[in-house]
Amino acid sequence: MKIVVLVKEVPDTYGDRVLDLETGLADRAASDRVLDEINERAIEVALSYADVHEGTEVVVLSMAPEESVATIRKALAIGAGSAVQVTDSALIGADLTVTAEVLAAALERIGFDLVIGGNLSTDGSGGVLPAMIAERLGVPQLTSLAHVEIGDGVVAGTRASDGGTADVRADLPAVISVTEALPDARFANLKGIMAAKKKPFETLSLTDLGVTIDVAASPQIILTEVGKKPPRGAGVKIVDEGDGGARLAAFLLENKLA
(Lines give C-alpha, C1' and ligand atoms only; values in the text may rest on other atoms or scores of the structure.)
Protein backbone atom coordinates (compact mmCIF):
# COMPACT_ATOMS: atom_id res chain seq x y z
CA MET A 1 0.00 0.00 0.00
CA LYS A 2 1.35 3.42 -0.97
CA ILE A 3 -0.31 6.33 0.81
CA VAL A 4 0.47 9.90 -0.22
CA VAL A 5 -0.48 12.64 2.25
CA LEU A 6 -0.92 16.20 1.00
CA VAL A 7 0.68 18.73 3.34
CA LYS A 8 0.88 22.50 3.38
CA GLU A 9 2.88 25.16 5.16
CA VAL A 10 0.62 27.92 6.51
CA PRO A 11 1.00 31.04 8.65
CA ASP A 12 0.68 30.19 12.33
CA THR A 13 -3.00 30.34 13.25
CA TYR A 14 -2.10 32.01 16.54
CA GLY A 15 -0.30 34.87 14.80
CA ASP A 16 -1.48 37.81 12.75
CA ARG A 17 -2.30 37.25 9.08
CA VAL A 18 -0.85 39.98 6.89
CA LEU A 19 -1.50 40.67 3.21
CA ASP A 20 1.11 42.13 0.91
CA LEU A 21 -0.72 45.23 -0.33
CA GLU A 22 1.22 45.18 -3.61
CA THR A 23 0.43 41.62 -4.64
CA GLY A 24 -2.59 40.76 -2.50
CA LEU A 25 -0.82 37.56 -1.43
CA ALA A 26 -0.24 36.48 2.15
CA ASP A 27 2.98 37.86 3.58
CA ARG A 28 4.38 34.58 4.87
CA ALA A 29 7.38 36.27 6.43
CA ALA A 30 5.15 38.30 8.77
CA SER A 31 4.50 35.38 11.12
CA ASP A 32 5.77 31.92 12.00
CA ARG A 33 5.11 29.25 9.39
CA VAL A 34 3.88 25.84 10.47
CA LEU A 35 2.60 22.57 9.10
CA ASP A 36 -1.17 22.87 8.83
CA GLU A 37 -2.76 21.02 11.74
CA ILE A 38 -5.37 19.33 9.56
CA ASN A 39 -2.52 17.85 7.49
CA GLU A 40 -0.97 16.45 10.67
CA ARG A 41 -4.24 14.62 11.31
CA ALA A 42 -4.11 13.25 7.75
CA ILE A 43 -0.58 12.00 8.41
CA GLU A 44 -1.79 10.27 11.57
CA VAL A 45 -4.45 8.40 9.58
CA ALA A 46 -1.74 7.09 7.24
CA LEU A 47 0.71 6.22 10.02
CA SER A 48 -1.95 4.46 12.10
CA TYR A 49 -2.59 2.17 9.14
CA ALA A 50 1.13 1.69 8.51
CA ASP A 51 1.68 0.74 12.16
CA VAL A 52 -0.30 -2.48 11.71
CA HIS A 53 0.32 -3.17 8.02
CA GLU A 54 3.93 -3.95 7.29
CA GLY A 55 5.20 -2.73 3.95
CA THR A 56 2.97 0.36 3.84
CA GLU A 57 4.77 3.34 2.31
CA VAL A 58 3.79 6.82 3.53
CA VAL A 59 4.88 9.76 1.36
CA VAL A 60 4.14 13.42 1.99
CA LEU A 61 3.63 15.76 -0.96
CA SER A 62 3.62 19.55 -0.91
CA MET A 63 3.58 22.38 -3.41
CA ALA A 64 5.53 25.06 -1.58
CA PRO A 65 8.33 27.64 -1.82
CA GLU A 66 11.93 26.49 -1.37
CA GLU A 67 12.10 27.86 2.18
CA SER A 68 9.36 25.45 3.29
CA VAL A 69 11.76 22.50 3.50
CA ALA A 70 12.02 22.60 7.31
CA THR A 71 8.25 22.54 7.72
CA ILE A 72 7.86 19.60 5.33
CA ARG A 73 10.59 17.73 7.19
CA LYS A 74 8.43 17.91 10.30
CA ALA A 75 6.12 15.46 8.55
CA LEU A 76 9.10 13.13 8.18
CA ALA A 77 9.93 13.58 11.85
CA ILE A 78 6.37 12.59 12.77
CA GLY A 79 6.86 9.34 10.87
CA ALA A 80 6.36 9.66 7.09
CA GLY A 81 8.91 7.68 5.09
CA SER A 82 9.74 10.19 2.35
CA ALA A 83 8.77 13.61 1.03
CA VAL A 84 8.24 15.25 -2.35
CA GLN A 85 8.20 19.03 -2.72
CA VAL A 86 7.08 20.78 -5.89
CA THR A 87 8.63 24.22 -6.04
CA ASP A 88 8.85 26.63 -8.96
CA SER A 89 8.92 30.40 -9.20
CA ALA A 90 6.16 30.19 -11.82
CA LEU A 91 3.77 28.95 -9.12
CA ILE A 92 3.78 32.13 -7.06
CA GLY A 93 0.16 33.24 -6.77
CA ALA A 94 -1.22 29.94 -8.08
CA ASP A 95 -4.93 29.46 -7.43
CA LEU A 96 -6.77 26.22 -6.64
CA THR A 97 -7.09 25.24 -10.30
CA VAL A 98 -3.36 25.52 -10.91
CA THR A 99 -2.56 23.82 -7.61
CA ALA A 100 -4.83 20.88 -8.42
CA GLU A 101 -3.23 20.46 -11.85
CA VAL A 102 0.30 20.48 -10.44
CA LEU A 103 -0.42 18.16 -7.51
CA ALA A 104 -2.27 15.73 -9.77
CA ALA A 105 0.73 15.62 -12.11
CA ALA A 106 3.02 15.00 -9.14
CA LEU A 107 0.78 12.18 -7.89
CA GLU A 108 0.82 10.54 -11.30
CA ARG A 109 4.62 10.64 -11.21
CA ILE A 110 4.88 9.35 -7.63
CA GLY A 111 2.19 6.70 -7.89
CA PHE A 112 -0.34 6.00 -5.15
CA ASP A 113 -3.00 3.69 -3.81
CA LEU A 114 -4.55 6.30 -1.54
CA VAL A 115 -4.22 10.08 -1.27
CA ILE A 116 -5.16 11.74 2.03
CA GLY A 117 -5.59 15.47 2.53
CA GLY A 118 -7.23 17.85 4.95
CA ASN A 119 -10.73 19.00 4.16
CA LEU A 120 -9.95 22.68 4.69
CA SER A 121 -6.64 24.53 4.97
CA THR A 122 -6.38 27.15 7.68
CA ASP A 123 -5.13 29.86 5.33
CA GLY A 124 -7.03 29.64 2.04
CA SER A 125 -10.01 27.64 3.38
CA GLY A 126 -10.98 26.61 -0.15
CA GLY A 127 -12.20 23.16 0.85
CA VAL A 128 -12.30 21.84 -2.73
CA LEU A 129 -8.72 20.82 -3.58
CA PRO A 130 -9.01 17.06 -2.81
CA ALA A 131 -12.10 16.79 -5.02
CA MET A 132 -10.42 18.75 -7.82
CA ILE A 133 -7.36 16.48 -7.67
CA ALA A 134 -9.53 13.35 -7.75
CA GLU A 135 -11.36 14.71 -10.80
CA ARG A 136 -8.08 15.26 -12.64
CA LEU A 137 -6.79 11.81 -11.70
CA GLY A 138 -10.08 10.12 -12.61
CA VAL A 139 -10.40 8.31 -9.27
CA PRO A 140 -13.14 8.22 -6.60
CA GLN A 141 -13.14 10.82 -3.84
CA LEU A 142 -14.52 10.68 -0.32
CA THR A 143 -14.36 14.11 1.28
CA SER A 144 -14.77 15.54 4.78
CA LEU A 145 -14.53 12.23 6.59
CA ALA A 146 -14.89 12.15 10.38
CA HIS A 147 -13.87 8.48 10.50
CA VAL A 148 -11.67 6.47 8.14
CA GLU A 149 -11.19 2.73 7.60
CA ILE A 150 -8.64 1.50 5.08
CA GLY A 151 -9.06 -2.08 3.93
CA ASP A 152 -7.83 -4.43 1.24
CA GLY A 153 -8.44 -2.51 -1.96
CA VAL A 154 -11.06 -0.27 -0.41
CA VAL A 155 -11.40 2.82 1.77
CA ALA A 156 -14.49 3.69 3.79
CA GLY A 157 -15.54 6.38 6.20
CA THR A 158 -18.23 8.45 7.80
CA ARG A 159 -19.19 11.94 6.68
CA ALA A 160 -21.11 14.08 9.18
CA SER A 161 -23.55 16.84 8.28
CA ASP A 162 -26.17 18.94 10.03
CA GLY A 163 -28.81 16.44 8.98
CA GLY A 164 -27.03 13.26 10.07
CA THR A 165 -24.20 11.02 8.92
CA ALA A 166 -23.41 9.11 5.74
CA ASP A 167 -21.34 5.94 5.45
CA VAL A 168 -19.32 6.07 2.24
CA ARG A 169 -16.82 3.75 0.56
CA ALA A 170 -14.76 3.56 -2.61
CA ASP A 171 -12.40 1.18 -4.33
CA LEU A 172 -8.72 2.09 -4.41
CA PRO A 173 -7.00 4.05 -5.84
CA ALA A 174 -8.89 6.97 -4.34
CA VAL A 175 -8.57 10.43 -2.79
CA ILE A 176 -10.00 11.25 0.63
CA SER A 177 -10.00 14.27 2.92
CA VAL A 178 -10.37 14.29 6.69
CA THR A 179 -11.81 16.69 9.24
CA GLU A 180 -10.74 17.81 12.71
CA ALA A 181 -12.80 14.95 14.14
CA LEU A 182 -9.82 12.69 13.47
CA PRO A 183 -7.17 12.28 16.21
CA ASP A 184 -4.25 14.67 16.65
CA ALA A 185 -0.94 13.58 15.18
CA ARG A 186 1.65 11.85 17.33
CA PHE A 187 4.53 13.99 18.55
CA ALA A 188 7.86 14.00 16.76
CA ASN A 189 10.41 12.61 19.22
CA LEU A 190 14.17 13.12 19.13
CA LYS A 191 14.73 9.85 17.28
CA GLY A 192 12.20 10.88 14.63
CA ILE A 193 13.73 14.34 14.24
CA MET A 194 17.20 12.90 13.73
CA ALA A 195 15.92 10.24 11.31
CA ALA A 196 14.06 12.87 9.27
CA LYS A 197 17.37 14.39 8.16
CA LYS A 198 18.29 11.18 6.34
CA LYS A 199 14.94 10.29 4.81
CA PRO A 200 14.43 10.69 1.03
CA PHE A 201 13.40 14.22 0.07
CA GLU A 202 12.79 14.86 -3.63
CA THR A 203 12.36 18.34 -5.09
CA LEU A 204 10.51 18.69 -8.40
CA SER A 205 9.97 21.60 -10.77
CA LEU A 206 7.26 22.11 -13.35
CA THR A 207 9.74 20.95 -15.98
CA ASP A 208 10.26 17.70 -14.09
CA LEU A 209 6.49 17.17 -14.10
CA GLY A 210 6.10 18.09 -17.74
CA VAL A 211 3.62 20.81 -16.79
CA THR A 212 3.57 24.23 -18.43
CA ILE A 213 1.72 26.91 -16.53
CA ASP A 214 1.52 30.65 -16.96
CA VAL A 215 -0.10 31.72 -13.70
CA ALA A 216 -0.49 35.30 -14.93
CA ALA A 217 -2.48 34.12 -17.94
CA SER A 218 -4.46 31.38 -16.21
CA PRO A 219 -8.22 31.86 -15.71
CA GLN A 220 -8.04 32.45 -11.97
CA ILE A 221 -9.31 34.87 -9.37
CA ILE A 222 -8.46 38.43 -10.33
CA LEU A 223 -7.57 40.80 -7.50
CA THR A 224 -9.09 44.22 -8.02
CA GLU A 225 -8.36 45.92 -4.71
CA VAL A 226 -6.69 45.20 -1.40
CA GLY A 227 -6.39 47.31 1.73
CA LYS A 228 -5.56 47.09 5.38
CA LYS A 229 -8.21 46.02 7.84
CA PRO A 230 -9.66 49.20 9.36
CA PRO A 231 -8.71 49.82 12.98
CA ARG A 232 -11.20 48.65 15.54
CA GLY A 233 -13.38 51.50 16.73
CA ALA A 234 -14.28 52.26 20.29
CA GLY A 235 -17.25 50.38 21.66
CA VAL A 236 -20.47 51.91 22.93
CA LYS A 237 -20.51 52.41 26.69
CA ILE A 238 -23.88 52.23 28.39
CA VAL A 239 -24.10 53.58 31.93
CA ASP A 240 -27.11 52.40 33.85
CA GLU A 241 -29.04 55.43 35.08
CA GLY A 242 -32.28 53.59 35.55
CA ASP A 243 -32.78 52.97 31.82
CA GLY A 244 -29.72 50.76 31.14
CA GLY A 245 -31.77 47.69 30.29
CA ALA A 246 -33.89 49.53 27.75
CA ARG A 247 -30.86 51.20 26.17
CA LEU A 248 -29.04 47.86 25.94
CA ALA A 249 -32.06 46.22 24.31
CA ALA A 250 -32.33 49.09 21.82
CA PHE A 251 -28.65 48.77 20.96
CA LEU A 252 -28.96 45.03 20.33
CA LEU A 253 -32.00 45.50 18.14
CA GLU A 254 -30.41 48.37 16.21
CA ASN A 255 -27.36 46.25 15.41
CA LYS A 256 -29.43 43.13 14.69
CA LEU A 257 -27.84 41.26 17.58
CA ALA A 258 -31.10 40.14 19.13
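The values are calculated or read from the model by the stated rules, or taken from the named source; none is laboratory data. None of the values given here were measured: they were computed from a predicted structure. Note that each Cβ is placed from the backbone with ideal geometry, even for glycine, and that neighbours are counted across all protein chains shown.
Summary of values
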read-out	value
Residues located in segment 101-114, provided they are outside any helix (DSSP H, G or I) and either on the phi > 0 side of the Ramachandran plot or in contact with a helix residue (DSSP H, G or I) (Cβ under 6 Å, 6 or more places away or on another chain) (or both)	G111
Filtered residue count, segment 65-100, keeping only those that are under 16 Å from the mean Cα position of the chain (by Cα), over 14 Å from V7 (Cα atoms) and outside any loop (DSSP other than H, G, I, E, B)	3
In segment 82-124, residue surrounded by the fewest Cβ atoms within 10 Å (Cβ to Cβ) [restricted to those that are among the polar types (S, T, N, Q) and at pLDDT below 95]	S89
Selection within segment 152-210 - touching a residue at least 60 places away in the same chain (Cβ under 8 Å), over 17 Å from I38 (Cα atoms) and of a type in the set (K, R)	K197, K199
Test: residue in segment 39-52 that is crowded, with 20+ Cβ neighbours inside 10 Å, assigned to a loop (DSSP other than H, G, I, E, B) and in contact with an Asp or Glu (Cβ under 9 Å, 6 or more places away or on another chain)	no
Near pairs, Cβ below 6 angstrom, 6+ apart or cross-chain, from segment 239-258 (without any contact (Cβ under 8 Å) to a residue 12 or more places away in the chain) to any residue that is assigned to a helix (DSSP H, G or I)	A258/L252
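The rows are residues; the columns are (1) of a type outside the set (D, E); (2) touching a residue at least 40 places away in the same chain (Cβ under 8 Å).
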{"residue": "A90", "(1), (2)": "yes, yes"}
{"residue": "D95", "(1), (2)": "no, yes"}
{"residue": "T99", "(1), (2)": "yes, no"}
{"residue": "V102", "(1), (2)": "yes, yes"}
{"residue": "A106", "(1), (2)": "yes, yes"}
{"residue": "I110", "(1), (2)": "yes, yes"}
{"residue": "S121", "(1), (2)": "yes, yes"}
{"residue": "G126", "(1), (2)": "yes, no"}
{"residue": "A131", "(1), (2)": "yes, yes"}
